[in-house]
Amino acid sequence: MHIMEGFLPIGHAAAWTAIAAPFVVTGARRLARQLRDRPQDRLPLAAAGAFVFVLSALKLPSVTGSCSHPTGTGFGALAFGPPTMAALGTVVLLFQALLLAHGGLTTLGANVVSMAVAGPWTSWAVYRLATGLRAPQGLSVFLAACLGDLATYTVTSLQLALAFPAASGGVAAAFLKFAGIFALTQVPLAIAEGLLTVVMVNALEARGMAALSGKLTEVRP
Amino acid sequence: MASIDRLAQTSPWRTLPLAEKALLALGLLLLALVLPPWPGGAIVLAVAAATAIGLAGIPAAQWLAIFAAPFGFVLTGAATLALGWDSGGFRFLPDGAVAALAMVLRSAAAVSSLLLLSLTTPATDFVRGAQRLGLPPELAETALATYGFLFILQDTATAMHASQAARLGYDGPGRALRSLGGLAAALLPRAFERARRLETGLAARGFDGRLRVLAAARTISPIRVSAILATLASVAGTGLWAAWR
C-alpha cells in the first residue's frame, strides 16, 4: 500500500515525516546501540533488511485471482521486533523508492508510518494478545500477519482521507470511500499474507530458527 | 530494480557531485508539489524528462519503460479521487475527473523528478551523502550492506522460483502459497549464512565496522549550480505566470 511520489500535498508529506521521525530515530538508535555492543550483528541485520525487500517483491496469489505483493511487516515484526522493523523498514522503503520508483521521497514519512510502524506494531500486539489468550500458534501468527496487513491499509486510507476529504461528509466519508475501494484487493491479500506467514514460520521453525523471537538478527542461526 | 541501478551506475552524470543533482531533482520535486498542476506540473514533467533523456543520456525507451510502472500506480490512485461514496454506493463525482487529472499531472511530475535523481545516482551515493549529513556510520554501513545483499538475494529468489515453477509449484493458489512460504523460509537461512560467512571473512581482515573506500573528489561547479538555479527559477516563474494569466 505505497503512496506514490507526489500524491500527498506538501503539508501532509511534512506532517507524516514528522510523525514517523520519533519511531525511526528510536529504532535507529536501538540498532546503532545493538551494533556497537554486538558488531557481529551488522551483516545479519543487513541480510534481514534485504530479505524484507525481496519478500515484499514476491508475487502473492490472491483469493480474487489477482496477484500482488506481501508487505512483510507481520513477519518482520514477529522475527525482528517492531523497533528494528521501523529502522529496517525505512531503509527498505527508501530503496524501493530509489531502485523501483515505488513509493517516493516526499511520501516516505507517510509510508513509514503505515508500513514500518502501524503494521509491525499491530502485528506484534495481536500476536502477544493471541498467545496470551492461549490461541494456537498457527492462528496467532495468521491473525498477527493478517491484521498487521489490514492495519497498513487502514492507515493508508486515513492518510489519503485526511489529504483529500470529501466535499460532503469530510474526512469520515473520504475514509470510508478509500477503505471501501482498497478493501476489494487488500482483504484477500491480507488473508493470503497471513497464510503465507504461517507457512514461512512453520518452515523456519522446522529448520531450528526462532522465527517468533522478535530478535532473530541477534540469535546465531 | 536492476535496470534503474544499471542506468545509474553507467550514467554520464554518475560523476557529477551529488549536491548538484540533488539540487536540480529535489528542486523540481518541490516545484511539482507547490506549483498548480496545470501548467506547473506539466512543465516540471517535461523539464525532468527532457533533462534525463536529453542531457543525462538515459535512452528514451528505457526512461518510458521505467516511468510506466509507477505511472500505472499513479493512474489507479488518481482514479479513486474521481469517485465519491454515499448511502447509494460509489458514484462518479461531478468534478472528479478534473481532480484526478490534476493529481496525475502532479504525481507524474514528481515521479519524473525522482527518476532524474535515481537514474543518475547509484543508491550507494545517497547513503554516503546521508552519512556526510550526519547519518550514524553504523547505520550507513548497514544500509550499504543491505544494498549489496538485495541483488544477491533477488537472484537467489528468482532461481528458487524458477526451480519451483518447473516442478509445477505454482499450479493453483494452494500450491503457490506453499511454494512461496518454502521459498521465503529457505531464503532467510541462506541470507544469514551468507552474512555469517562474509562477516567471518571481513573479521579476519580486521573489519571494524567501516568499509573505507576511496571516493573521487567531485568539485561543485558554480556555473552548473547557477544553471540549475536559473532552470528552477524559470520553471517556477513560467508555471506561476501561466497559471495566473
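The values are calculated or read from the model by the stated rules, or taken from the named source; none is laboratory data. Quick caveat, the model's predicted, so the values are computed rather than measured. Here the Cβ positions follow ideal geometry from the backbone for every residue, glycine too, while neighbour counts run over all protein chains shown. Ligands, DNA and RNA are stripped out before the accessible areas are found, and what is left, the full protein with its side chains, is counted by its heavy atoms. Shrake-Rupley method; radii C 1.70, N 1.55, O 1.52, S 1.80 Å.
Would you point out the residue of the stretch A:203-221, among those that are open to solvent by 30 Å² or more (accessible area, probe 1.4 Å) and modelled with pLDDT under 80, that is nearest to A:LEU35 (Cα to Cα)?
Result: A:GLU218.
Please specify each residue of the stretch A:3-13 satisfying the condition of being in contact (Cβ under 8 Å) with a residue 12 or more places away in the chain and not in a loop (DSSP other than H, G, I, E, B).
Going residue by residue through the stretch A:3-13, those that are in contact (Cβ under 8 Å) with a residue 12 or more places away in the chain are A:3-10, A:12-13.
Residues satisfying the conditions are A:ILE10, A:HIS12, A:ALA13.
With the condition kept exactly as written, say whether any residue in the stretch A:30-39 is among the polar types (S, T, N, Q) and surrounded by fewer than 18 Cβ atoms within 10 Å (Cβ to Cβ).
So far as the stretch A:30-39 goes, no, none of its residues is among the polar types (S, T, N, Q) and surrounded by fewer than 18 Cβ atoms within 10 Å (Cβ to Cβ).
Scanning the stretch A:155-174 for residues that are modelled with pLDDT of 85 or more and open to solvent by 60 Å² or more (accessible area, probe 1.4 Å), which turns out nearest to A:LEU78 (Cα to Cα)?
The residue in question is A:LEU158.
Which one of the conditions (1) buried (at least 21 other Cβ atoms within 10 Å of the Cβ); (2) touching a residue at least 24 places away in the same chain (Cβ under 8 Å); (3) over 26 Å from B:THR121 (Cα atoms); (4) among the polar types (S, T, N, Q) does A:GLN137 fail to meet, given that it meets all the rest?
If we test A:GLN137 against (1) buried (at least 21 other Cβ atoms within 10 Å of the Cβ); (2) touching a residue at least 24 places away in the same chain (Cβ under 8 Å); (3) over 26 Å from B:THR121 (Cα atoms); (4) among the polar types (S, T, N, Q), just (1) comes out false.
Filter the stretch A:18-51 for residues that are more than 7 Å from chain B (Cβ to nearest Cβ), in contact (Cβ under 8 Å) with a residue 40 or more places away in the chain and closer than 21 Å to A:GLY148 by Cα and give the result.
Hits for the stretch A:18-51 are A:ILE19, A:ALA20, A:ALA21, A:PHE23, A:VAL24, A:THR26, A:GLY27, A:ALA48.
When you scan the stretch B:97-107, do you find a residue that is modelled with pLDDT under 90 and under 22 Å from A:HIS69 (Cβ atoms), even just one?
No: zero hits.
Taking the condition of a type in the set (Asp, Glu) and surrounded by 15 or more Cβ atoms within 10 Å (Cβ to Cβ), does B:GLU199 pass?
When the stated conditions are applied, B:GLU199 passes them.
Among the residues of the stretch B:74-104, how many are surrounded by 16 or more Cβ atoms within 10 Å (Cβ to Cβ) and part of a loop (DSSP other than H, G, I, E, B)?
Residues flagged as surrounded by 16 or more Cβ atoms within 10 Å (Cβ to Cβ) and part of a loop (DSSP other than H, G, I, E, B) within the stretch B:74-104 amount to 2.
Within the stretch A:94-114, restricting attention to residues that are assigned to a helix (DSSP H, G or I) and open to solvent by 20 Å² or more (accessible area, probe 1.4 Å), which residue is nearest to the other protein chains (Cβ to nearest Cβ)?
My answer is A:LEU100.
In this structure, is A:SER123 out of contact with any His (no Cβ under 8 Å at 6 or more places or on another chain), within 30 Å of A:LEU162 (Cβ to Cβ), part of a helix (DSSP H, G or I) and of a type outside the set (A, V, I, L, M, F, W, C)?
yes
Search the stretch A:182-202 for residues being surrounded by fewer than 19 Cβ atoms within 10 Å (Cβ to Cβ) and aliphatic (A, V, I, L, M), and hand back the single one that is farthest from A:LEU160 (Cα to Cα).
Within the stretch A:182-202, the match that is farthest from A:LEU160 (Cα to Cα) is A:ILE191.
Which residues, counting only those in the stretch B:161-216, are at the interface with another protein chain (Cβ under 7 Å from one of its Cβ atoms) and aromatic (Phe, Trp, Tyr)?
Once the filter is applied, which keeps residues that are at the interface with another protein chain (Cβ under 7 Å from one of its Cβ atoms) and aromatic (Phe, Trp, Tyr), the stretch B:161-216 yields only B:PHE192.
Residue under question is A:ALA130, and the condition is that it be touching a Ser or Thr at 6+ places or on another chain (Cβ under 7 Å), among the small types (Gly, Ala, Ser), open to solvent by less than 20 Å² (accessible area, probe 1.4 Å) and over 30 Å from B:ALA123 (Cα atoms); does it hold? Steps first, answer last, please.
Numbers: touching a Ser or Thr at 6+ places or on another chain (Cβ under 7 Å): yes; among the small types (Gly, Ala, Ser): yes; open to solvent by less than 20 Å² (accessible area, probe 1.4 Å): yes; over 30 Å from B:ALA123 (Cα atoms): yes.
For A:ALA130, the condition - touching a Ser or Thr at 6+ places or on another chain (Cβ under 7 Å), among the small types (Gly, Ala, Ser), open to solvent by less than 20 Å² (accessible area, probe 1.4 Å) and over 30 Å from B:ALA123 (Cα atoms) - is met.
Looking at B:LEU133, B:LEU115, B:LEU139, can you tell me which residue is within 8 Å of another protein chain (Cβ to nearest Cβ), within 30 Å of A:ARG30 (Cα to Cα) and of a type outside the set (Asp, Glu)?
Testing whether each residue is within 8 Å of another protein chain (Cβ to nearest Cβ), within 30 Å of A:ARG30 (Cα to Cα) and of a type outside the set (Asp, Glu) leaves just B:LEU139.
Considering only residues that are within 22 Å of the chain's Cα centre (by Cα) and at the interface with chain B (Cβ under 7 Å from one of its Cβ atoms), which ones fall in the stretch A:177-190?
Those that are within 22 Å of the chain's Cα centre (by Cα) and at the interface with chain B (Cβ under 7 Å from one of its Cβ atoms): A:PHE178, A:GLY180, A:ILE181.
Would you point out the residue of the stretch B:142-160, among those that are among the polar types (S, T, N, Q) and facing another protein chain (nearest Cβ under 8 Å), that is nearest to A:ALA57 (Cα to Cα)?
Going through the qualifying residues, I end up with B:GLN154.
Quick one: count up the residues across the stretch B:90-112 that are within 9 Å of chain A (Cβ to nearest Cβ) and over 30 Å from B:GLY54 (Cβ atoms).
4
Only one of (1) among the small types (Gly, Ala, Ser); (2) within 20 Å of A:SER114 (Cβ to Cβ); (3) touching a Pro at 6+ places or on another chain (Cβ under 8 Å); (4) at the interface with chain B (Cβ under 8 Å from one of its Cβ atoms) fails for A:ALA86. Which number is that?
So the condition that A:ALA86 fails would be (4).
Looking at (1) farther than 20 Å from B:ALA216 by Cα; (2) in a helix (DSSP H, G or I); (3) open to solvent by 30 Å² or more (accessible area, probe 1.4 Å), find the lone condition where B:LEU139 falls short.
(3)
Here's the yes/no breakdown for (1) on the phi > 0 side of the Ramachandran plot; (2) over 18 Å from the mean Cα position of the chain (by Cα); (3) open to solvent by 20 Å² or more (accessible area, probe 1.4 Å):
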position: A:MET4; (1), (2), (3): no, no, no
position: A:GLY11; (1), (2), (3): no, yes, yes
position: A:THR17; (1), (2), (3): no, no, yes
position: A:VAL25; (1), (2), (3): no, no, yes
position: A:PHE53; (1), (2), (3): no, no, no
position: A:LYS59; (1), (2), (3): no, no, yes
position: A:PHE80; (1), (2), (3): no, no, no
position: A:THR84; (1), (2), (3): no, no, no
position: A:VAL91; (1), (2), (3): no, no, yes
